[in-house]
Each structure stands twice: as C-alpha cells, then as structure tokens.
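Report on the following structure.
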Amino acid sequence: MSKIGVFICHCGENIGATVDCAKVAEAAASMEGVAFATDYKYMCSDPGQTLIKNAIREHRLDGVVVGACSPRMHEPTFRKACAEAGLNPYLCEIANLREHCSWVHPKGDDTTEKAIEIVHGLVEKVRRNSPLTPIHVPITKKALVIGGGIAGIQAALDIANCGHKVILVEKEPSIGGHMSQLSETFPTLDCSQCILTPRMVEVAQHPNITLYTYAELDSLSGFIGNFEAKIRLKAKSIDESLCTGCGLCTTKCPQKKIPSEFNAGLGRRTAIYVPFPQAVPNKPVIDKEHCTHYRTGKCGVCEKVCPTHAIRFGQEDRIINEQVGAVVVTTGFNVLGTDFFPEYGYGRYADVITGLQFERLASASGPTLGEIRRPSDGKVPEKVVFIACCGSRDPAKGIPYCSKICCMYTAKHAMLYQHKVHGGESYVFYMDIRAGGKNYEEFVRRAIEEDHVNYVRGRVARIYEKEGKLIVKGVDTLLGATPVEIEADMVVLATAGVSNQGSEELAQKLHISYDPYKFFAEAHPKLRPVETNTAGIFVAGACQAPKDIPETVATASGAAAKVAALFSQPDLVREPLVAVVNRSAPPVFSTCVGCFMCQTACPYQAIEREEIKDRSGKVIKVVAKVNPGLCQGCGTCVAFCRSKSIDLQGFSNQQMFAEVEALLETTN
Amino acid sequence: MNTGFYPGCSLNGTSREYNESVRAVAAELGLKLTEIDDWNCCGATAAHSMSRELSVALPARVLALAERQGFDEVLVPCASCYNRLSVAAHELARDEELAAKVGAAVGMAYSGKVRIVNVLQYLQEHAAQLLPGKIRHNFAHRVACYYGCLLVRPHKVLGFDRLEDPQSMDGMMRAIGAEPIDWAFKTECCGAGLSVSRTDLVGKLSANILGDARDRGAEAVVVACPMCHSNLDMRRTAINKCLDEPTDIPVLYITQAIGLALGLSRKALGLQRHIVEVKLQ
Amino acid sequence: MSNDNNSAFEPRIIAFVCNWCTYAGADLTGTSRIKYATNVRIVRFPCTGRIDFLLLLKAFASGADGIIVSGCHPNDCHYTSGNFHARRRWMVFRSLLDTLGIDTRRIRYSWVSAAEGAKWADLVNDTVATIRELGPYNEYKKVADYLGKEAGDE
Amino acid sequence: MNNLTELANKLLGDGTATKVIGYEEAHGKTRPCFCTEAADTGRLVLDERCTNNIAVYLTKPEIVGGHKVAVTATLPVLRTMVQLAMENQLPDGTTAIVSTESGEGLAVLPTVGDMERVVAGTPLDISGKERELRERLKAMSREERWQFWLGEMSRCIKCYACRAACPLCYCTRCIVDNNCPQWIQPWASPLASMEWQISRVMHMAGRCVACGACKQACPMGIPIHLLTLSLAEDIQNEFGVAPGSVMDHGNVLSTFKPGDKEDFIR
C-alpha cells in the first residue's frame, strides 16, 4: 500500500480563483494510496516547500503529487525539495492545474472536477514510479579534433590550454587549411600566414597536442566520454624520426609538373613534396599517385640523395586506436571549380579563375610571388572582372544559400588588384553586397570610393573568348538593365563555398546529421550552434556552413569550451529517464528476442547488442541493451518493441497505462 | 509507341522545309508520324501576353485531342509550339482550378498522359539508334549548333538538356559525321520576338550569332526552330548590314542536315526554299 | 448516429501529447489565457514516438469518446525523428482500425508546436464539437463492458 | 530413392546439416517431419501438397538447438526464412532445399543471399487471393464492418493457434502474457480478442509473408488473415513496400521517410 502525499497549490489566485483547491485536496485524500493531502497558497515558496518536506518525513510518504503550475516550470523545484526530505526525486510528479486547467477554464464545478481527475491520473502514475538515480558515465579526458585548418587549430589549442590532451588529425601533409592559402585577410588586410603560422607552430610544440598529419578517421565507435577512434596514418614513405626536413629530396625529384594543391592548381610541385615552405610538420611526403618509383619501379632519386636515409618506399598505412571522450569536427569547406559554370566557359579558359586561385596569385608565397599575372601567358591583366555569387544564391545551380564570405573577399581581391596593378581597371558584378560585420561595410566602401573599383549590380550571362580577350556579357540593373560588355584580361569567379569532399561519409562514420548540401547540422541553429545531435561530438567552422575567419575561430573556441565543460566534470551525470531492456533470471535472461528492429528505430544509436554467455564463454543469447550514456529517452523503441521488453524509466508502460485508465475512471 | 505530330502554323507557312524534312527523315528511317486531327493554334507570341487562360486553353485543346486520339507522345518540331504546349501541361498539372476552367472552356479534359517531345528529343530517342546503318555519306562539315531560347528555357518546365550549354544537337551532329564547333552563342537571343517590328534589332542580335559562328570557322548554322531559322536566313540583308563583312553562311534545320547524310534529295528536304543558298552536300 | 437526446452529453476526451511541443503549446494556451472546453485530459509523453497504439485502444476501452494525439511538427522533433516514426505508426494503425470498423473519426491527430497555443485551444474545441456530434462511443463501450454491467447510457 | 532423399542424405552426410526439416505424407496429406539420419529421409516429399509453413520450427530451440538445419522450403517458407534472417532469428548455417523453377530438379541455397535472390525473383501477388471476401468487406459501411468483426471475434476461443502457427510470432514472451500492465484481458471476450488481433496484426506490419498459416490454424475459421492482408496492401500503397518483400534495413514501422505522406494529421 503506497503512501502518497498530494499538495495542491493555489498559486495565489492563479489556480485558487477558478479551482476549488480545498475540494481537490479533500477528493485527493480519499483516493486509493493517498496518505496525506492538503492545499496551500504558494507551494513553491519556502514555507510551501517546507510543508511538503515535513509531510514526507511525518507521514513517511513514498510518493508525492504536487498540483501546481506546469511541470516545465517547477518540476525541478519540487523534486529537489523531495530529495532534501529524503524522498527519491523521481517519486514526485506534477499535476498541471494552472496552465492546463485554471487558466484555460472558467470558475466552476467542471473545472474543479477536471483538476481532481488530473490529480487522480498522476496519483495512479506515481504509485508505479520507481526510485531512479542519475546515471554516471565515466569520461576519457582526451579530445579528438578532425581537421587542422584554423578551426581545428583554434579548438585544439583552446582545449590543450585547459590542460586536456588533444589529438589533431589532418588529412593533408600539413595543417593550416584554407587560411594558409590566403593572401591578406579582410577587413584589416593583415597577412594571413603571418597570423596563422605562429599558431601552427604552437600546435606542433604543445605538450598536450598529438598531431597526426596525412591521416584520416577510419571509424568511430562508442559514445560520449567513451569514444574509440581508429585513425588511418597514411604512409608518408619517409621515416619521420630520421628526416630533418632539409628539403634536398624535393629539389632533386625529377617529377616537377604536378599541379600544386596549395597553389590551387596554379603552381607545380614535385612528387616528394612539402606543400608550402611554412608547413607544419615541415617534412615531406611522397605522393604515390605521381611518383615514378611507385608507378614504374624506377627512379628512387630521393632515396639516393637523402643524407639521413629516411626514405621508406615500403612503408604502409597504419591504423592506430585512440580512446577519446569528445570529438570536434572542423573539416572545413571547399570552393566550386570554374568547370561548374558552362556559361563562364566550363573551366576551358585559363584566365577564368576562382577566388581561391586569385588568393594564390596575390600571395607573396604564391606562384607569381604576389604579382598579379594571368595564368595563360603571365601578363599583368589590365582589366579584371570579378563575379560574385557564382553558384551561390542560385537555385538553378542547386545552391540556394549565400556563401557569405564572397562579398568581402571579392572587395578585398579588387582592392588588392588595384593596389598591385596601378592603372588597372576592375569591375565587380554583384547581386547584393552583404557586408554585415565589424568594419566590413567600411571596407567595401573603401574599395569603391578610394580604390575606384567599379561595382556593377547585375549578373553576368556569359563569358567567351575572342581575340585573346574574355568578353564578359552582363547587365547593369541600376542603369535600367543596360547590357554591359567588358573585354577583360582575367575573370575571377567568387564560386560558391561547398561542403568538403567526403563530408557525407564522415558524417555517416560519426553518426551526425547533415543538411541537403552535406554541411554538418548543429543540434539547434541558435541555442546549440556547436553541438551535434550525437552527444559528445561538436562541430565548428566552415564544415557547418561557409564562415569567415572570425566566425570560424569563434565557433572553434565555442566547441572547445563545450569540450572543456564536459571534461571539467569528474564523470558525466545524466537524467535517468532512459530506456531499459529488461533482464530476468536464467534461462530466459531477458524477454528480448534480439530482433534488433529497435536499433533501426533509435535516433541515437543507443541500442547495442549484448551477448549472454555461459561459463565456458559460449553465447547463449544475444539481446538488446540500451547504452544509458547515449539514450535520450524518447521512447520510440518502447512503443515499437513487440514483446514489450524495453521500457522507459519515468514513463514506463505501467505508469502510462495506469495514468490513462485513472484519467477516465471517474467517468459516470 | 504511337507518336502524334503537331506541325503548328510555322511548319505550314514560313518553314515548310522543316515540315518536309522532318517527315522525310522519319519516313526514311521507317518511323510513323500521325498528324493530330483537327489541331489548332498553340497561341504562341500573342496569347500569353494577353490572357493566361487563353494561353493555356489553346494548347490544352491540342493536348486533349492528342490524348483522345490515343497518342503516347506528340512530336512538336516548332520550338515555340513545344514551349507553349509544355508550359500549358505544366500549369494544368499544378493548378486544379485552372485545369477545371480550361477543361470546361475546351470541352475536353486533359489528364496529362501525353508526353511532349521536341525534335531533338525525338531524334535522340527514335532516330539515333537507326542512323548508323542508314548514313550514305557523312555530313562532314564544321557546324555551329544554335539552340535559341525556346528549346531549353524555362528549364524547370521543360527539363530538357543543359540550360547554359545544351549538347543534344551537338551529339546528333557528331552522329552524322559533322564537327560541332565550340562557341558562345548557342542560346543567345536572335530577336525573334521583334522579328516584324524591329528588324534593325534582329539584324544586330542575329549578326552577333552568325558573326561568331563564321569567325570560329563554322560552315553552317544548324537550328531546330522556325523562328531562329527565319531570322538567321530571311533577315540576312539586315544582318549583313551589322557585320564588318557580309556572310553567306547557310542555316539548316537539323533534319535537313540529317536528311543530307541519309542521301535524301535536296528537294525532299526543301533546301531550295532557303534565302541563303545551301551548297553543302 | 445515435446523437439524439444527448444535449447533456459531455464527451470524454483524452489527449496523448509530447512533452516538447504540444504539452508546451498547451502551456502557452494557459499563459495566454485562451479558454477552451474542459472535456480534455492531457497525458504527457516524452515524444509521440513513445505513444503505444494499445494505449489508444485502452483509452476507448476505459470510456473515452474521443482521442487527441499530437506532437511536434515534422522536422521539429526534440528527438529528431520520433514524430516521423509515430506518423508511420498512425498511418498503419488508422487503416487497420478502419478495416475493423472502429470509428477513426474519433481519433484526431495533429501537430501543435510550443508556439501554437491558440491552435491547441482550437484543436480541443474542434475535437469536442466533432465528438459531441458523433455522440458517446457506446458501440465500443458496450463491447468493453462485455463481462461487466450493461453500459449505463444504453 | 528419389532425388530429395538423395540430396537430404548428402547434406546429412557431408555435415552441411545435422537435421532436415521437411514434409512427409500422412493420410493423403502432408505433415512436418524431422530427419536426423539417412534412415528417415526416405519419407521426405516436397510437392504442392506441402502447405504448412514449417519455418515455424526454426525459432524453436527444442527443435533446432544444437543442430545445423536444412529446410525443404516452399516459397512461403523461403520468404519466412529470409524475414527471419533479417530479424536475426535464422539459426546460423541454416540451408534451404528448394524445387527449381521447372519444378523438376532441386537446388540447395546455402546462404541467406541465395534465398533472397530467389525470393526477390518471385514477387508475392496477394491480389488474387480471397478477393471476394475482401471486396465484400470494403463494400460494407463502417458500422457493418464493426458488426462483422464483432461477430467473428465473439467466436474466438483465445486458443492462440494463430500465434503458434505463425512462424514470425516467435517472442519469448508474447504481449498477451504480459500482466504488468495487463495490456489485454486474458479471457475470450470480443474486445479482448479484437485487441489481441490488433496487436498481432500491428506486430506483423511489414513482416507478414502472407503464407496463410494463421487462417489455416484457426479452429473457429475466423478470417484473421484478411487483417494482415489488408494491412499489407495499405503498406504497399502508403510506403511502396511490397508484401512479402524483405527490407534490407529495419522494418516498415522502425524506419521512416521524412516525406511520408498522410492526409489526416493536421
């Protein structure tokens, strides 16, 4: 026989004016299992809570129903009060007499009757409540950061500086990402490499950071606080412990005509190469696809010239296992190539380039050492056309979103061009100028007003080559849609920022969701911008959507703060409102038959297979098991399970069944 | 496959040679085309600028007739008719209210079962596989494939070929041994909408097209639209006024080019009807 | 339908709602002081994905005349996809009930978000009106009372 | 010795199987038979008289426990085996013996993949079956349908033969045996019988292979298979999942598409 206490709150006049609270308490007192019932003016006030605590102690209550405001309001308050009186907090339920009753109905018998029935439903539910204890999950205090661009660098440094171990994985031979390719950065025009390279070095030297370059995530298993990452270390074909980074091999390599990724295809590199002079680590890798030795078995020049005999042609990929407690995904973005644009020549015209390629032309470390020379013949272009929104905001191209960074970098490009080519003429075709950001609008105005960049509001319909010139045909919508035709020497397309290659596969490995454009999805666009729907996995930077550097760094630090917050706990404490697969004595072990259809229903991959073995280790039965670290308590599996072998703590079948029957019982 | 044929007004007037060459090529390849009985005007040019209902009702009647007469698809060689029929089918499928109104006005309902195909689609789907054994001699010329505006736009309605750089005609030309050039004016405007009222503009716009084709070494311009053809062919005097140097580059319907490769007579293909003489074999 | 002489008939309606959208939406109805019929009793579930079809049958067997099932709009589920699972479940369940001749008009499915306080009030009022029109679900009650006393309102 | 016997002996002989589950002739009909040695296999038959769904034994530990099993499978049996495999219920190493398409020869399907191919190649057509009764049901008003089923359910004696005969009803503890809470009253009353059938049919959603074992087993002749059949039809209409086809991932009710269309949630 249970001993439930029922406490009806008047909430001042809020409930009391329409519901006869005394009558509700009186009715409650006569309900089966109720040992004590009373009403009070303000149950959430200190004296109100004391009243509850005293009643619990005095009447040895084993369950409490508080008839008050919505549980979304004061459930934590009353559960805490119960806990303070020694009652398990999960034995306290709230009957919503305010939002669902007194505020929506007029004063009268019907309303009071409804209040009584609501209380009755919850009394019957609470009689079947079980005491629950919060779930403690241990945490491995080591983070995995995937992607070594500025976002990954920032996140890794922030976490490492909080005193936690970090593993940073980068798929390229060097960290640095797109930021290392940029010339100057808006709106301050400070040199990108000058601000980035110190950070790269800091990563390499940080005692808390383990850096794996030329490496990729192979798989990730486990759950928040307890992930196991398998990381593939691609064979670099050198012994890094011997290599001194002298660079002799790269100067002697006879394969010199490979398009350089770092220079966005505008420069050339060798088969054994360091992507750029400031690379971290500054040790070469052999590109097996282009290396003569790997292709034909001949050559081997690098092996011969290496003073420390560090070349290892026979090296193979290695897979290492790392235990981590949290993952930060910072895999960045990419830009569309010019070959995406038939109207602009499908990538056939050498002098139609992307914004990223222009960065390399403008960069002091680039193929032209910072001089603006067009790729086809190396001449300095006298007239350059910049086209914003190439692909972006164009549903016909399948990219309805704004790539966000193009307005600003196009203004910067035009400005840099004007600074470098005196007497040059530049045009920017744009749809709108989106310069929201600190000092951004001023920057664009400077390009227009001080550097005399010609801004033309309109789209470019077509580019074609004629007599060595690129004919750019567009329209000026501010001049009454006048057709504009410009004979340009070079055209720079601000091509859309798109998700990085392989982002879909990575998302599937991590079990995180992504949007139709394969950018990773945050748990909530506003309130949980760096979390994913998979607990313990965070995202930052342009892998979520195109972002500029300040925003990327801000989200990276945000994600790092989330990781640090997670690691600051001795262990992970979670609400015990999770699903549980029943267990019983042998030979049944569990009524679960192991069909594992629940696995396909669970949005959180929280359902695992558990093998029940006999003493000799032979598997007797395979049954489902809910990982309480992952389960969020939605209960979809519970409703689906045919044999009712899964139940949801706090909303169990017995509780809900009893509540439904009780709510209808007082009929007639 | 029961293919209906909708010639529209152009193919019975200014572009009789298009009509003749489509039928001649189909007959040579053993493909059956049945003209839709009692067809009417598609309403191009005028109707859609005056009344939406009228602009849909006219093609709707044609489509309803085609459906009633049991055709699976209708070949519409005229790009303008093709465009109007397709737009009407698109609107009828998306606007129940309009469909009901139009159905009442026409006196027949159209359920949307008939597929509307342009000449390029038709050739690709039916003729391409028959060509290899039938070609008498290759049409070995450099050609500029000119698609014009109506065959590919609006893309969300027609869903045909690549919007900015269509390729279907280029492919057919390769199939008969021609060499399509890479050029910039495939879908540029020829000025057809102003063909009668502003011949000066037509001259200028069409001159851009012919000039570029010539400069890039094309020996002929190939089209699949009566308006394109009449502008580029008939308005040659106006065009030549806008060019630094007059051009006599001929303009052929795609079916004429294919007909030549199939060894059909020049008369059967109506080549004698052109203003600019076609000397190519 | 047997809705004669039940002017005094007050439908018993039970609402199965999810905690994050519809329950919160009903809270908003309260905070907005929008009035609606007293006939409804709300049962709070974490998610529509948790709602067992048998509970709906139990509600009818226990004397409900009508049922409301409501949760987050598609794509708004707090648990990402519980409402999508629920939607499939109801699609299948509803056609099965129809095959059996169970009155599917008595189960009203809806999406009510946490911001749709007014929609919740409308939903309740509308359902009450529909059920009032249909009359008490005597057909089912009679069968439910097979072993018990004859239904009082027979 | 016929081919079937030879084949069964071969499988028993080379260790592919230690038990063959098949059919034998009895009283002019067939009944299940279990062979563990060559001496038994002479009784095996596999022809159009074999209508029982013997896949039901595959989830019975007392029969398959410790054995490698070969099943002489008719098409419904094979479908069941594929569905069982998908639900992790087909014992490892189970093989199927099937008649080849011509009906003359026999073939051994050693893996689930092989079974899937055969099943996928022969789609299930339920449209022809029981058409008349289903059309009659559809033509009824809702009240008439209710009265019809009420009449049928009031004849139910709650013997659960439908459950026992169904090869996909393999739960260790059936929902009707769960009394915490007592979801379904244990006695035979129209409501309890109906609730049981609703549960059974919902549990079969997207899984039923339409073998008809439930109907055959019902001693009262209640046409309960109509419920699973009409549900299968609805599922095909709503989700495009053909009856008898096996989904490669999850189940109709444990998966979803964001674009699922209904017209009743407003």
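Any chance region D:199-209 includes a residue that's assigned to a loop (DSSP other than H, G, I, E, B) and more than 10 Å from every other protein chain (Cβ to nearest Cβ)? Yes, the conditions are met somewhere in region D:199-209.
Determine if region A:50-72 includes at least one residue that is free of Cβ contacts under 8 Å to residues at least 12 places away in the same chain, within 12 Å of chain C (Cβ to nearest Cβ) and within 40 Å of the chain's Cα centre (by Cα). Checked region A:50-72: at least one residue is free of Cβ contacts under 8 Å to residues at least 12 places away in the same chain, within 12 Å of chain C (Cβ to nearest Cβ) and within 40 Å of the chain's Cα centre (by Cα).
Each row is one residue, and each column tells you yes or no for (1) among the aliphatic types (A, V, I, L, M); (2) within 8 Å of chain D (Cβ to nearest Cβ); (3) within 26 Å of D:LEU226 (Cβ to Cβ).
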residue	(1), (2), (3)
C:ASN75	no, yes, no
C:THR80	no, no, no
C:ARG88	no, yes, yes
C:PHE93	no, yes, yes
C:ASP98	no, yes, yes
C:GLY101	no, yes, yes
C:TRP111	no, yes, no
C:ALA115	yes, no, no
C:TRP120	no, no, no
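Would you check which residues across region D:225-266 are more than 14 Å from chain A (Cβ to nearest Cβ) and touching a residue at least 60 places away in the same chain (Cβ under 8 Å) and list them? D:HIS225, D:LEU226, D:LEU229, D:SER230, D:ALA232, D:GLU233, D:ALA242, D:PRO243, D:GLY244, D:SER245, listed by residue number.
From the list A:ARG528, A:ARG462, the lone residue that is farther than 30 Å from A:GLU371 by Cβ and of a type in the set (Lys, Arg) is A:ARG528.
Go through the residues of region A:146-167 one by one and say whether even a single one is farther than 30 Å from A:ILE224 by Cα and part of a loop (DSSP other than H, G, I, E, B). Break it down stepwise before answering.
The initial filter retains those residues of region A:146-167 that are farther than 30 Å from A:ILE224 by Cα, namely none.
Checking region A:146-167: not a single residue is farther than 30 Å from A:ILE224 by Cα and part of a loop (DSSP other than H, G, I, E, B).
In region D:161-198, the qualifying residues are those that are aromatic (Phe, Trp, Tyr) and within 11 Å of chain A (Cβ to nearest Cβ), and the one that is nearest to A:SER652 (Cα to Cα) is D:TRP183.
Show me the helices (runs of 4 or more DSSP H) found entirely inside region A:244-331 where at least 3 residues are in the same structural domain as A:THR368 (by TED's automatic domain parsing) and of a type in the set (Ser, Thr, Tyr).
Once the helices (runs of 4 or more DSSP H) in region A:244-331 are filtered for at least 3 residues that are in the same structural domain as A:THR368 (by TED's automatic domain parsing) and of a type in the set (Ser, Thr, Tyr), nothing remains.
Would you check if there is a residue in region A:441-455 being closer than 27 Å to A:ASN500 by Cβ, touching a residue at least 24 places away in the same chain (Cβ under 8 Å) and outside the structural domain of A:ILE549 (by TED's automatic domain parsing)?
Just the residues of region A:441-455 that are closer than 27 Å to A:ASN500 by Cβ, to begin with: none.
The answer is no, given that none of the residues of region A:441-455 is closer than 27 Å to A:ASN500 by Cβ, touching a residue at least 24 places away in the same chain (Cβ under 8 Å) and outside the structural domain of A:ILE549 (by TED's automatic domain parsing).
In region A:1-91, counting only strands (runs of 3 or more DSSP E) that sit wholly within it, the ones holding 1 or more residues that are more than 30 Å from C:CYS18 (Cβ to Cβ) span A:34-40.
Every residue in region A:204-240 that is β-branched (Val, Ile, Thr) and either under 25 Å from A:GLN508 (Cβ atoms) or free of Cβ contacts under 8 Å to residues at least 24 places away in the same chain (or both), please. First the steps, then the outcome.
Filtering region A:204-240 down to residues β-branched (Val, Ile, Thr) leaves A:209-210, A:213, A:224, A:231, A:238.
Result: A:THR213, A:ILE224, A:ILE231.
Does A:ARG528 qualify as being surrounded by fewer than 18 Cβ atoms within 10 Å (Cβ to Cβ), without any contact (Cβ under 8 Å) to a residue 40 or more places away in the chain and either within 14 Å of chain C (Cβ to nearest Cβ) or touching a Gly at 6+ places or on another chain (Cβ under 9 Å) (or both)? Yes: the conditions hold for A:ARG528.
With respect to (1) surrounded by fewer than 21 Cβ atoms within 10 Å (Cβ to Cβ); (2) of a type in the set (Ser, Thr, Tyr); (3) under 26 Å from the mean Cα position of the chain (by Cα), the lone exception for A:SER584 is condition (3). Within 26 Å of A:ARG373 (Cβ to Cβ) and either surrounded by fewer than 21 Cβ atoms within 10 Å (Cβ to Cβ) or not hydroxyl-bearing (Ser, Thr, Tyr) (or both): is that true of A:PHE186 in this structure? Answer is yes for this residue. Every listed requirement among (1) touching a Cys at 6+ places or on another chain (Cβ under 8 Å); (2) surrounded by fewer than 23 Cβ atoms within 10 Å (Cβ to Cβ); (3) within 12 Å of chain A (Cβ to nearest Cβ) is met by C:CYS47 save one, (2).
A residue that is β-branched (Val, Ile, Thr) and farther than 30 Å from A:VAL460 by Cα cannot be found anywhere in region B:142-153. Among the residues making up region B:183-226, a single one is modelled with pLDDT of 95 or more and acidic (Asp, Glu): B:GLU219. Of all residues in region A:107-123, those being of a type outside the set (A, V, I, L, M, F, W, C) and either within 7 Å of chain C (Cβ to nearest Cβ) or crowded, with 24+ Cβ neighbours inside 10 Å (or both) number 6.
Within region A:611-629, can you find the residues that are out of contact with any Phe, Trp or Tyr (no Cβ under 9 Å at 6 or more places or on another chain), more than 13 Å from chain D (Cβ to nearest Cβ) and either in a loop (DSSP other than H, G, I, E, B) or among the acidic types (Asp, Glu) (or both)? Explain how you work it out, then say what you get.
Of the residues in region A:611-629, the ones out of contact with any Phe, Trp or Tyr (no Cβ under 9 Å at 6 or more places or on another chain) are A:611, A:613-619, A:625-626, A:628.
After this cut, where a residue has to be more than 13 Å from chain D (Cβ to nearest Cβ) as well, the list is A:613-617, A:625-626, A:628.
Correct list: A:ASP614, A:ARG615, A:SER616, A:GLY617, A:PRO628.
Residues of region D:138-147 include none that is within 14 Å of another protein chain (Cβ to nearest Cβ), in contact (Cβ under 8 Å) with a residue 12 or more places away in the chain and closer than 27 Å to D:ALA242 by Cα. With respect to (1) in a loop (DSSP other than H, G, I, E, B); (2) within 29 Å of the chain's Cα centre (by Cα), the lone exception for A:LYS230 is condition (1).
Considering each residue of region A:643-665 in turn, none proves to be more than 14 Å from chain C (Cβ to nearest Cβ), touching a strand residue (DSSP E or B) at 6+ places or on another chain (Cβ under 8 Å) and buried (at least 19 other Cβ atoms within 10 Å of the Cβ).
So that you can scan it fast, the table gives a plain yes or no per residue for (1) part of a helix (DSSP H, G or I); (2) buried (at least 19 other Cβ atoms within 10 Å of the Cβ); (3) over 14 Å from the mean Cα position of the chain (by Cα):
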position	(1), (2), (3)
B:LEU123	yes, yes, no
B:GLN129	no, no, yes
B:ARG136	no, no, yes
B:VAL143	no, yes, yes
B:TYR147	no, yes, no
B:VAL152	no, yes, no
B:ASP170	yes, yes, yes
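The values are calculated or read from the model by the stated rules, or taken from the named source; none is laboratory data. All figures in this text were calculated on a predicted structure; none of them were measured in a lab. Backbone-built Cβ (ideal geometry, glycine too); neighbour counts: all protein chains shown.
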